[in-house]
Amino acid sequence: MPRRAIEINQRITRSEDAGEVCDLVETCAAEFNHVNVATAFRKLLQQRGGRDGASRGRVEPALRTLEQAAVRTIEDFQSQQMANTLHAMAKARYRPADPGVLAALDWRAEAVAPTMNAQDVANTLWAYATMGRAPSAGVMRGLEGRAEAVAPTMNAQNVANTLWAYATMGRA
């Protein structure tokens with residue numbers, strides 16, 4: 001990863017409130033790579049609604065900017081960035097303003113599903129179920145195939161999340 005991307009990611013990770021993350025998004029989003037986008041989504045969505053004083057008027061535009069950055073960098077997302085981004089969105093009950101964001105994430109999830117580890121598979125399935133949306137047939141085939149392949153490495157939490165997601169999505 002280029003030095004600048006590492007520096008940006010460290011700044012995002014060390015940010016203590018949503019306002020700091022918003023500042024980084026406002027000033028550096030054009031430089032964000034896929035890792036920066038995933039990290040910023042996770043951090044900002046975790047802090048959204050907190051008591052740090054960052055107003056909704058600042059957070060929501062930053063999230064829209066991150067949506068655009070996600071679409072711009074989607075081809076570089078790997079399994080961990082996919083799983084983390086979808087998981088952060090689901091956990092925060094976040095619905096992207098641009099429906100193209102979820103379409104891009106679905107497209108990329110199908111492409112990277114064969115490379116996912118046990119936690120990525122479990123988190124991705126949990127995210128889809130929590131969002132109340134079924135993955136496309138291609139994504140589901142990829143996740144099911146990968147879940148079978150990584151099943152021996154799943155811990156109890158991975159198994160629980162996967163089974164809960166299947167039950168919630170009405171899958172047998």
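Can you tell me which residue is nearest to the chain's Cα centre (by Cα) among those in the stretch 7-28 that are among the hydroxyl-bearing types (Ser, Thr, Tyr) and outside any loop (DSSP other than H, G, I, E, B)?
This residue is THR13.
Within the stretch 80-136, count every residue that is under 20 Å from VAL159 (Cβ atoms) and either in contact (Cβ under 8 Å) with a residue 60 or more places away in the chain or of a type in the set (A, V, I, L, M) (or both).
Within the stretch 80-136, residues that are under 20 Å from VAL159 (Cβ atoms) and either in contact (Cβ under 8 Å) with a residue 60 or more places away in the chain or of a type in the set (A, V, I, L, M) (or both) number 11.
Of THR115, THR124, which residue is open to solvent by less than 20 Å² (accessible area, probe 1.4 Å) and polar (S, T, N, Q)?
THR124
Could you please give the count of residues in the stretch 95-105 that are closer than 16 Å to THR73 by Cβ and either part of a helix (DSSP H, G or I) or open to solvent by 30 Å² or more (accessible area, probe 1.4 Å) (or both)?
Adding up the residues that qualify gives 7.
Take ALA69 and decide whether it is over 11 Å from the mean Cα position of the chain (by Cα), open to solvent by 20 Å² or more (accessible area, probe 1.4 Å) and of a type in the set (Gly, Ala, Ser).
no
Filter the stretch 143-172 down to the residues that are charged (D, E, K, R) and surrounded by fewer than 18 Cβ atoms within 10 Å (Cβ to Cβ) and list them by number.
Listed by number, the residues that qualify are GLU144, GLU148, ARG171.
The rows are residues; the columns are (1) outside any helix (DSSP H, G or I); (2) open to solvent by less than 60 Å² (accessible area, probe 1.4 Å); (3) among the aliphatic types (A, V, I, L, M).
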{"position": "ALA5", "(1), (2), (3)": "no, yes, yes"}
{"position": "ALA30", "(1), (2), (3)": "no, no, yes"}
{"position": "THR65", "(1), (2), (3)": "no, yes, no"}
{"position": "ILE74", "(1), (2), (3)": "no, yes, yes"}
{"position": "ARG93", "(1), (2), (3)": "yes, no, no"}
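Filter the stretch 135-172 down to residues that are more than 16 Å from the chain's Cα centre (by Cα) and part of a loop (DSSP other than H, G, I, E, B), then give me how many there are.
Residues flagged as more than 16 Å from the chain's Cα centre (by Cα) and part of a loop (DSSP other than H, G, I, E, B) within the stretch 135-172 amount to 7.
Any residue at all in the stretch 131-142 that's open to solvent by less than 30 Å² (accessible area, probe 1.4 Å), out of contact with any Leu (no Cβ under 8 Å at 6 or more places or on another chain) and more than 25 Å from GLU67 (Cα to Cα)?
Checked against the condition, which is being open to solvent by less than 30 Å² (accessible area, probe 1.4 Å), out of contact with any Leu (no Cβ under 8 Å at 6 or more places or on another chain) and more than 25 Å from GLU67 (Cα to Cα), the stretch 131-142 yields no hits at all.
Could you tell me whether the stretch 42-59 includes any residue that is among the small types (Gly, Ala, Ser), part of a helix (DSSP H, G or I) and open to solvent by less than 10 Å² (accessible area, probe 1.4 Å)?
no
The values are calculated or read from the model by the stated rules, or taken from the named source; none is laboratory data. If you're wondering where the values come from, they're calculated on a predicted model, not measured in any experiment. No Cβ is skipped: glycine too gets one built from the backbone with ideal geometry, and neighbour counts run over all protein chains shown. Just so you know, the surface numbers come from the protein's heavy atoms only, side chains and all, with ligands and any DNA or RNA stripped out. Shrake-Rupley method; radii C 1.70, N 1.55, O 1.52, S 1.80 Å.
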